[in-house]
Protein chains: 2
Amino acid sequence: MQDALTRKLESFEELTNEDRGALNALTLKVRQVRARTDLIHEGDAPDTVHLILDGYACRYKVLADGQRQIMAYLVPGDFCDLNVFILDQMDHSIGTITACQAVDIPRQAIEAITADHPRVTRALWWCALVDEAVLREWLVNLGSRPANHRIAHLLCELLLRLEAVGRVTSNSYDFPFTQSDIADTMGLSNVHVNRTIRELRELGLVALKHRTVTILDVERLKAYCGFNPNYLHLRNTRWSNRRSVPWLSSGHGG
Amino acid sequence: MQDALTRKLESFEELTNEDRGALNALTLKVRQVRARTDLIHEGDAPDTVHLILDGYACRYKVLADGQRQIMAYLVPGDFCDLNVFILDQMDHSIGTITACQAVDIPRQAIEAITADHPRVTRALWWCALVDEAVLREWLVNLGSRPANHRIAHLLCELLLRLEAVGRVTSNSYDFPFTQSDIADTMGLSNVHVNRTIRELRELGLVALKHRTVTILDVERLKAYCGFNPNYLHLRNTRWSNRRSVPWLSSGHGG
DNA sequence: CGCCAGCTTGAGAGGGCTCAACCCGTGTGG
DNA sequence: CCACACGGGTTGAGCCCTCTCAAGCTGGCG
């Protein structure tokens with residue numbers, strides 16, 4: 001059941017069998033949540049950490065004018081807000097995109113496992129820091145890239161993140177987001193998202209239909225949007241190139 | 001010297017004299033850094049945590065086309081990347097805006113103080129989580145607000161953050177950012193930033209000159225851009241209203 | 001006194017938005 | 001088996017927010 005979690009943690013840090021055993025023992029109560037439902041709502045007092053076992057969810061806020069902004073996608077294995085219970089109240093909501101299997105892990109369970117399993121602790125830390133790095137890259141996306149690169153970048157990111165948890169086969173993965181979801185993620189109108197996706201399709205970069213996306217030419221798509229995977233801090237995957245930013249290193253060489 | 005830090009932590013969590021003593025004992029080597037200089041650079045391997053004692057700095061990335069995106073402002077007392085040394089390499093740079101007094105606190109010092117001072121640990125946690133919350137709000141800013149509200153929102157945020165560290169007098173604070181800095185922060189052109197600031201000035205909301213900003217009507221500015229301070233998770237300040245989002249609490253049901 | 005970074009303003013262009021219609025697949029009910 | 005509704009995708013047309021290019025201005029400093 002928590003293949004996804006173990007797999008994710010191991011993409012950051014090698015674990016022992018003992019570590020894995022402790023993680024498996026974690027499963028307390030799996031919540032089945034239907035699509036388009038809140039896991040936790042802005043203003044609630046958090047005392048648990050959320051772990052998505054299966055399905056997609058997102059963090060979002062709704063502004064006074066009804067505008068929704070999505071700030072993160074949560075995919076299987078995402079295990080975040082490592083210490084949200086320190087804060088007094090949620091400043092955003094988490095809602096499902098698809099039906100999800102989720103676990104609410106109480107604070108005590110976290111403290112217990114981290115006390116005895118330093119590798120797990122380290123891997124969880126890694127997760128939390130990567131989450132923040134992803135947030136920063138999304139900010140770059142919204143602030144510095146035009147619509148077509150923005151969406152291409154998102155598709156690249158999801159490819160790598162989902163591959164790290166074994167949810168990609170031959171460059172295809174589940175893509176249950178509506179165009180309005182993408183619009184609210186990218187700070188675009190849904191009309192423009194539609195036109196932009198068409199553009200990516202016409203360029204032969206991606207195929208997107210029936211809630212599934214296929215990256216037709218990964219290298220070209222990455223080059224197209226200037227995708228640099230360093231912010232995902234992945235290890236043990238085919239993408240884990242540890243080079244620094246090409247144009248910052250010596251003489252455009254490397 | 002580290003008034004700023006103690007003050008900041010205490011805006012989140014009450015400390016004992018003993019805690020304060022431990023914090024004061026932290027001062028190892030204060031770095032004097034001139035303006036417009038990198039504290040740490042993308043690609044470097046981090047093994048210390050940065051604390052700004054005085055001056056302003058920022059996190060940023062530079063894209064292949066030379067476009068700079070600023071992702072955070074660091075003001076006196078900002079003490080962040082609590083555990084960046086877990087990651088292998090920096091995925092962004094930190095550079096000063098003004099001359100700064102900064103401290104690089106080695107990993108060991110962090111681990112030592114947090115081992116014995118749970119209140120401090122908790123306050124540091126709080127800091128890290130607030131940092132992430134600010135990042136999320138910036139994403140909302142870029143994704144969902146027009147230029148004028150965006151900049152107004154930034155000015156509101158800085159007012160509250162700086163006030164929490166005692167750097168605001170009669171709604172004025174130091175504002176050493178160039179219009180290009182703001183442009184690279186807000187995903188706008190510097191020309192448009194200029195026009196937008198003029199607009200805010202003409203509306204009588206702010207006065208901005210000689211590297212100092214004065215908020216002429218705080219309540220009106222907050223209303224203007226729909227500012228909700230909940231994401232800063234401040235305590236012990238005149239802004240710490242703990243209510244949830246007004247338009248979510250009543251009316252639209254629960 | 002002259003340079004230079006940063007600020008200001010004008011004019012024209014374009015990326016993305018809004019409004020609005022239409023299409024399509026699916027589910028529901030008669 | 002067909003009628004209809006409905007969410008989501010697609011397309012067109014016109015507009016406007018913001019961008020780019022370009023010039024002129026201002027103030028601090030060597």
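Descriptive notes on the structure:
- For the stretch B:40-79, a residue qualifies if it is open to solvent by less than 30 Å² (accessible area, probe 1.4 Å), without any contact (Cβ under 8 Å) to a residue 60 or more places away in the chain and part of a loop (DSSP other than H, G, I, E, B), and the qualifying residues are B:E42, B:G43, B:P46, B:G55, B:L63.
- Within the stretch A:207-225, residues that are within 10 Å of A:C156 (Cα to Cα) sit with their Cβ atoms under 6 Å from residues that are at pLDDT 95 or above and within 16 Å of DNA strand D (Cβ to nearest atom), at 6+ positions apart or across chains, in these pairs: A:I215/A:V206; A:L221/A:A152; A:L221/A:L205; A:C225/A:H149; A:C225/A:A152.
- Single condition B:I86 does not satisfy, out of (1) open to solvent by less than 30 Å² (accessible area, probe 1.4 Å); (2) modelled with pLDDT of 95 or more: (2)
- Number of residues in the stretch B:180-211 that are near DNA strand D (Cβ under 8 Å from one of its atoms) and part of a loop (DSSP other than H, G, I, E, B) equals 4.
- Of all the residues in the stretch A:89-105, those that are out of contact with any Phe, Trp or Tyr (no Cβ under 9 Å at 6 or more places or on another chain), open to solvent by 20 Å² or more (accessible area, probe 1.4 Å) and not charged (D, E, K, R) number 3.
- Top-ranked residue in the stretch A:185-216 [being touching a Gly at 6+ places or on another chain (Cβ under 8 Å) and open to solvent by less than 50 Å² (accessible area, probe 1.4 Å); ranked as nearest to DNA strand C (Cβ to nearest atom)]: A:G187
- Flag if B:S172 is within 11 Å of DNA strand D (Cβ to nearest atom), open to solvent by 20 Å² or more (accessible area, probe 1.4 Å) and at pLDDT 95 or above: no
- Residue in the stretch B:80-101 that is more than 13 Å from chain A (Cβ to nearest Cβ) and either part of a helix (DSSP H, G or I) or over 18 Å from the mean Cα position of the chain (by Cα) (or both) present: no
- Candidates B:F177, B:F227 - the one that is surrounded by 17 or more Cβ atoms within 10 Å (Cβ to Cβ), away from DNA strand C (no atom under 13 Å from the Cβ) and not in a helix (DSSP H, G or I): B:F227
- Conditions (1) modelled with pLDDT of 50 or more; (2) part of a helix (DSSP H, G or I); (3) not charged (D, E, K, R): number failed by B:L248: (1)
- A:Q32 in a strand (DSSP E or B), out of contact with any helix residue (DSSP H, G or I) (no Cβ under 8 Å at 6 or more places or on another chain) and not aliphatic (A, V, I, L, M): yes
- Filter result (in a helix (DSSP H, G or I) and basic (K, R)) within the stretch A:124-150: A:R136, A:R150
- Residues (more than 13 Å from chain A (Cβ to nearest Cβ), within 14 Å of B:A183 (Cα to Cα) and open to solvent by 10 Å² or more (accessible area, probe 1.4 Å)) located in the stretch B:128-162: B:N148
- Close pairs (7 angstrom Cβ cut-off, 6 or more residues apart or separate chains): hydroxyl-bearing (S, T, Y) in the stretch B:186-200, more than 6 Å from DNA strand D (Cβ to nearest atom) and assigned to a helix (DSSP H, G or I) anywhere: B:S189/B:A183; B:T196/B:N148; B:T196/B:I151
The values are calculated or read from the model by the stated rules, or taken from the named source; none is laboratory data. In this text, all values refer to a predicted model and were calculated from it rather than measured experimentally. Please note: Cβ atoms are built from the backbone with ideal geometry, for glycine as well, and neighbour counts cover all protein chains shown. Just so you know, the surface numbers come from the protein's heavy atoms only, side chains and all, with ligands and any DNA or RNA stripped out. Shrake-Rupley method; radii C 1.70, N 1.55, O 1.52, S 1.80 Å.
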